[in-house]
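Read the structure below first, then the notes.
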Amino acid sequence: MKILTAEEMRALEKQADASGVSYHDMMERAGLAVAQAIRAARDAKRHPRVAVLVGPGNNGGDGLVAARHLARWGYQVAVYLAKARPPDDENLALAAQAGAHVVAGDNDAKLALFRRMVAECDIFVDALLGTGVSRPIEGRFRDLLLLAAEQVALRKGTAPRFADSAGGMTWPKELPEPAPSTTPYIVAVDLPSGLNADTGALDPAALPADLTVTFAFPKRGHFLFPGAAAVGRLAVADIGIPNEWAADIPLTLITPEWVAERLPRRPLDAHKGTFGRALVVAGSVNYTGAAGLAAAAAVRVGAGLVTLCAGASVRPVVASLSPEVTYLVLPEEVGVLSEAGAPLVLQEMPRAEALLVGPGLGQDDTTRRLVWAVLGMGAARRTRIGFTERDESPPPPPPCPIVIDADGLNALAGVSDWHERVAAPCILTPHPGEMARLLRCSTAEVQADRIGVAVRAARQWGKVVILKGAHTVIASPDGAAFVCPFANPALATAGTGDVLAGILVGLLAQGMTPPDAAVAGVYVHALAGELAARRTGPSGLAAGDLLTHIPAAVARLRGITASAG
């Protein structure tokens, strides 16, 4: 599923209109989709009162169509016009004919009617502004949104009820009074008003939604913070625009179907060699857990054989965590891997399908030199002869794809032209701080344009880049990019990145290409986190908890393929 900018969406709507799917038709489908999503979430008997805040543009038109359908289905609908609609507005007339109570905001100078609506509704629909927001919300619209937020906050506690009739705006007497502590279910039409569709910037007056119903395709702002935190659950509704029209859009939302189609097959006559050998260069005396988590994750995702290349101080700890792992013991210097171990790793690489370098290695000079050598960066160390410098016998390029993570990335950050020296196909897995070090910029600059930064870096380096974080971004050198649909605070804990790195090398070992392994690995990791968090909640999840949920996540995805077949 493609992710669009506001301009890309407008272009597709214009194309649809020219092809016979009129703007009127698209609005009808959009409003119906909003109403259907509300009915699926909150039935009319238990949550009868719906307040719809209608703006002056197309977003307001979508809200009016939704109001009409909800009124027809038995909801008690009140429509509040933030600004007068045209006198011949057909959607407004139809909503009123269906039984919606229409309140003109022009007749509510002190917002008493609006206050009453928000105070007593079960469902609040934000149809004020859509994708066109590009400047701060001011004036009347700002007052309405702030008042709505105030009433929602009050209803979370024991706010007093409004006993006055508010100028005649009353709910039918036969309906039960809602409890004062009940908060309304907030539904945003397309985007919460004040959320920038392209950047994720969020106006201070924006009202966070429980559900956002967007149309045809999700927008970038749905997945970029701070705005992403205001989206709630995201539903994408069909309004008649064919998916293939967006085929050239470079940004894609990862779907389980996409991942399921690309997971490595598991033939009945397989043996461990069928699923490949993964080498993991990881760990040090102070970070033994990182090596263990990465190696165990590679096993859990299905690699046929996992060999941990680590020092003697790491081996006994990891052996107790994952006895299936085999070992290549490397020389150490005071508990960290020595560059003297590089030839041993290079000798093993021709017999492996994939390599992971980095988790828990530390940043000692001798370990950095080992990383450079293993990655084929002989130019990382130079010898001066007279007035010239030359490389010291660089090792041959690594023959298998490589995942570079954690301290592997830190080793690269000190070499400005590392991407020209590393010949192997790679997946890089930086978190924002590591990305900032690689690009020699600030973390704030990375976070301000996560998608753009990841895409530019992948193109510049010629490597697949996974920019970790909520709604992780995956970018390939060809300009294609993917966004993970999950944002799970339970994963914000030490070691979960090591698990992701292990999943990635395990998928590469089974024959996946680096771009496909990166996208699938991020999704499997995130889905495992969702499954694990169902037990722990948003806090308290340990990275090791993910390991037993990796096979469950993969099994769920394989089930999609099986059911489709």
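Modelled spin-label separation between residue 229 and residue 416, with each label point placed 7 Å from Cα along the Cα-to-Cβ direction: 3.8 nm.
Peptide packing: for 499-511, 468-480, the average count of neighbouring Cβ atoms within 10 Å per residue gives the ranking 499-511, 468-480, highest mean first. Ordered by the count of other Cβ atoms within 10 Å of each Cβ, fewest first, 482, 275 give 275, 482. Lysine pair count for the chain with Cα-Cα distance under 19 Å and sequence separation of 8 or more or different chains is 5. Amide H to amide H distances under 5 Å link residue 306 with 278, 326, where only residues 5 or more positions off or on other chains count and H is placed in the peptide plane.
Antiparallel beta bridges, as assigned by DSSP with both residues in the chain, represent about 20 percent of the total such bridges.
Each of residue 492 and residue 153 was given a label point 7 Å from its Cα along the Cα-to-Cβ line. The distance between the two points is 2.1 nm. Other residues lying with their Cβ under 14 Å from the Cβ of residue 525 contribute a combined charge of -1, Lys and Arg counting +1, Asp and Glu -1. Fewest neighbouring Cβ atoms within 10 Å first, the residues 195, 409, 346, 467 line up as 346, 409, 467, 195.
Remark: the chain is approximated by an ellipsoid whose semi-axes, taken from the C-alpha gyration tensor as √(5λ), come to 53, 23, 22 Å, largest first.
Here's how it looks for residue 426: its modeled amide H is under 5 Å from those of 402, 464, which are all 5 or more places away or on a different chain. For region 273-279, backbone phi angles converted through the Karplus equation (6.51, -1.76, 1.60; θ = phi - 60°) give residue-by-residue couplings of x, 4, 9, x, 10, 10, 9 Hz, Gly and Pro being listed as x. Fewest neighbouring Cβ atoms within 10 Å first, the residues 309, 426, 441, 400 line up as 441, 400, 426, 309. If the Kirkwood radius is taken over C-alpha pairs of region 442-565, then at 20 °C and 1.002 mPa s the Stokes-Einstein diffusion coefficient equals 142 µm²/s.
About its Cα centre, the chain has a charge dipole of approximately 760 debye under the convention of +1 per Lys or Arg Cβ and -1 per Asp or Glu Cβ, with nothing else charged.
The listed peptides 544-553, 138-147, ordered by packing as a protection proxy, come out as 544-553, 138-147 (highest mean of other Cβ atoms within 10 Å first). Projecting the Cα atoms of 549, 523, 223 onto the charge dipole of the chain, computed from C-beta unit charges around the Cα centre, puts 549 farthest toward the positive end. Dipole magnitude for region 6-248: computed about the Cα centre from +1 point charges on Lys and Arg Cβ and -1 point charges on Asp and Glu Cβ, it is near 860 debye.
Local charge for residue 245 was computed over the other residues whose Cβ lies under 15 Å away, with Lys and Arg +1 and Asp and Glu -1, and equals -4.
Charge tally around residue 475: other residues with Cβ under 9 Å, Lys/Arg +1 each, Asp/Glu -1 each, net +2.
Taking loop as defined by DSSP and a crowding limit of 13 other beta carbons within 10 Å, which trypsin sites (Lys or Arg not before Pro) in region 265-366 fit? Passing sites in region 265-366 are 265.
No value in this document is a laboratory result; all are computed from the given coordinates. These figures come from a predicted structure and were not determined experimentally. We place every Cβ from the backbone using ideal geometry, glycine too, and count neighbours over all the protein chains shown.
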